[in-house]
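Nothing in this text is a laboratory measurement; each read-out follows from the coordinates by a stated rule. This structure is a prediction, so every number in the text was calculated from the model and none was measured. Cβ: placed from backbone, ideal geometry, glycine included. Neighbour counts: every protein chain shown.
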Amino acid sequence: MASAPMESTPLVRTFHQILLWPLQLLPLREDSQIHHHWELLEKDAGGVWKEVDDEFCADPDAFRERHYREFVTFLPYVQRLLYGEGAKRRSMAAYGESPIKVYRRLDVATARISFPERNAPVVFDVRHVDLYFFYDVDLVILVVEVSGSDVPLDVVQDSLHRFGRAYPSGWTEQGDGINCPRKVEWLAADGRVLAVSDYEARKQYLESVCRERAPPLAAHWQYLLNPMAAHHTDQAGALRFRQLEYYRMPLMAYLAVEHPERLTRGDFARLAYATAPGDREALPFSDEYLARFEQNHCYDKYYDEARSGSRLSTRVMCCDHAFLIVGDAARPVFTDAERGVLGQFRHQFFLLGLIAHMHKGALLMMSDRLVQTVTRLNIDQQETVRRFRVEIRSLLEIFLRFTHRYWFHDVSDHVQTREVFHGLVKELGTDRLYLDIREELKDMGAYLDSDLLRRQSNIFLRLTIVTMIGLIGTTTTGFLGMSSLIAATDHHLGMKAIYVAVTAAAFALLTLYTLAKSQRIAGFLDALTNERLPLRTKVDSLLDIWRQKR
């Protein structure tokens, strides 16, 4: 790769960063599988969160070409998931509205971020703050999109590396949160400060982990999530959530750069892994670790550094926590928000990331619920065993519905879209996670089935014992009652008791002898009912009942 001139830091002419953070929602009722969490959001938010109307049901005159391009990108079953059916068909039993509910807050207009070792804060426009709910999946995804223009590359790298931190991993000697911004402020349209981060509140974070075994969210992130509250906090509210993934929020980013071929390999590696800025001529990791960087993390179908100024100037990069598109700011096809790559990034590619992270979040949620279910099991307490069976059956049903409603391997027949989605899925490891969860649930189901068979066998054993005892008594009384050889009607009570005891003992011995020979008798009956066996074989099978085993 040609070396980039070092006299100035490259400018990113157009920059978009989207954070997607899946969170597990706690059940609202123990006796129900399906919960409408968004209804509580509408009730408790005080009008801050508003449901996003379906743009596809708007006035046809306002329906834009990017909506059409977005819709036709996906396969029909993905279209039904994302957009539902048309208004005229929503009364049909087969299809209806999309199972995705989107709520947006409009009070946050800009984000003012102060980074360590930088004198002036950076101000980004806040394009969206959304919550995505999914029907029949106890999951919500927080989506925050910010954008800026003419941002230095090292500031972009700082934003990718530091902005999406739910809480600090530690503190520097100066008291700043490690790998976090020094300060993040949410500003209203009129410039009012709505919320400020508290990464430096070291004592607060230490006390929370010590007492609750869970760290609190930074104040500015909790502000965005209100009225939802973390499960371990004392904050009022029925809508509670648990953290599912790492405290570093997954991200997607778009960078329009002049002469992207001048970016060094170190620049691309830092962008792909969302690491902190550094020497542009040095790699962020070892040469051995990055030996297959381009093969493993770069989709270069439309990128060729040797052909500067050509249409091959768009590079797509992906790792387990970041998805980026870098291209030429001088090419209108890359910067066009309606028909170009920018429009694709904010709509088609965003939906790819949303689907992939929803899959992973839902599977992690089910894994977490499995752990909780097993943790509450105490085999010495019958009530917990009963509850365990009920919860595992419920999880099996939820997993089945998730598979048929949300799970698919291909979202589009468009080659680039399909390949990018496969790359996302591979990096997130959702296929492997899906198989692991399915196997765990199958093991749980097999355990429940075997436990049911064991309990049924015990019941049959008890019934068999009762039947054997009843058989002796019934046969004894029946024999005496129908016997014409012994007329004991006129005998005294003692003689009648002797008759009963002798007869019962005889039939008991006969019953026990029959049980002792039951395996051989079963073999004889099996041979007797087999029409293909000759008569001699059947006779031999009968005689085998009394023959001595060698």
* Structure fact -> Scattering profile of region 335-457 from the Debye formula, Cα beads only, expressed as log10 I(q)/I(0) at q = 0.12, 0.15, 0.22 Å⁻¹, is -0.58, -0.76, -1.23
* For each of H16, H67, count neighbouring Cβ atoms within 10 Å of the residue's Cβ, then give the residues from fewest to most. => H67, H16
* **With Cα atoms, 0 to 90° folded angle of helix 430-482 axis to the chain main axis** => 10 degrees
* Full extension from S169 to K43: what is 0.36 nm times the residue separation minus their Cα-Cα distance, to one decimal in nm? -> 41.9 nm
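So if I place +1 on the C-beta of Lys and Arg and -1 on the C-beta of Asp and Glu, and nothing else carries charge, what would the dipole magnitude of the chain be about its Cα centre? I want it in debye, nearest 20.
The dipole of the chain has a size of about 2500 debye.
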* Helical mean residue ellipticity (222 nm; -39500 (n - 2.57) per DSSP H run of 4+; nearest 500) of the chain -> -14000 deg cm²/dmol
* **Rough spin-label spacing in nm, given labels placed 7 Å along Cα→Cβ, for L543 and E288** => 7.8 nm
* Structure fact -> quick note, the chain, DSSP beta bridge pairs, % antiparallel (nearest 5) is 85 percent
* Would you mind ranking R265, R29 so that the residue whose beta carbon has the fewest other beta carbons within 10 Å leads the list? => R29, R265
* So which of K360/K442; K101/K442; K43/K101; K517/K538; K101/K426 end up more than 24 Å apart, counting from Cα to Cα? -> K101/K442; K101/K426
* Starting from the Cα-Cα distance between R69 and H231, subtract it from 0.36 nm times their residue separation and give me the gain in nm to one decimal. => 54.3 nm
* Structure fact -> the chain: relative contact order from alpha carbon pairs under 8 Å, six or more residues apart, as a whole percent, is 15 percent
* R536 to Q204: extension gain in nm, 0.36 nm per residue of separation minus the Cα-Cα distance? -> 110.6 nm
* Structure fact -> Once the in-chain neighbours fewer than 8 apart are removed, the lysines whose Cα is under 22 Å from K183 read K203
* Compute the Rg to Rh ratio over the chain from the alpha carbon atoms, using the Kirkwood formula for Rh, and round to two decimal places. => 1.22
* To do: Could you run the Debye sum over the Cα atoms of region 269-404, one equal point scatterer each and no solvent, and tell me log10 of I(q)/I(0) at q = 0.13 Å⁻¹, two decimals?
  => -0.76
